[in-house]
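Below: the structure, in structure tokens.
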Amino acid sequence: LMSVLETFVHDPLVEWTKSSSRDRSRHDSTTRGKEALEKIQSRLEGVVVGVGAAPSMPLSPQGQARRLVEEAVSLSNLGSMYIW
């Protein structure tokens, strides 16, 4: 999974931010892409990262499921889907 996602870091058509300004350098975009991949890797290892969470010890599968449900029903996460 990670090897497939790593190709997106170097894809010039992928935008890693919501802004549409073209003055951002390619290096800045690559850096943001690598940061995103690090978060994904941590999630796959069971480490909680993300909205309002400090990195922690790896969680059990049940703990990961509980945390994902908490994030899914969070009002701030749901609100950010509609407000850019």
Original post:
Taking segment 59-84 on its own, how many of its residues are assigned to a loop (DSSP other than H, G, I, E, B) and either under 17 Å from the mean Cα position of the chain (by Cα) or loosely packed, with under 10 Cβ neighbours inside 10 Å (or both)?
Top reply: 7
**OP:** Hey, could you check segment 17-33 for residues that are under 27 Å from ILE83 (Cβ atoms) and at pLDDT 65 or above and say which is least open to solvent (accessible area, probe 1.4 Å)?
**Re:** GLY33
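The values are calculated or read from the model by the stated rules, or taken from the named source; none is laboratory data. In this text, all values refer to a predicted model and were calculated from it rather than measured experimentally. When we count neighbours, we look across all protein chains shown, and the Cβ atoms used for this are built from the backbone with ideal geometry, even at glycine. For the accessible areas, the whole protein counts, side chains as well, though only heavy atoms, and no ligand, DNA or RNA atoms are used. Shrake-Rupley method; radii C 1.70, N 1.55, O 1.52, S 1.80 Å.
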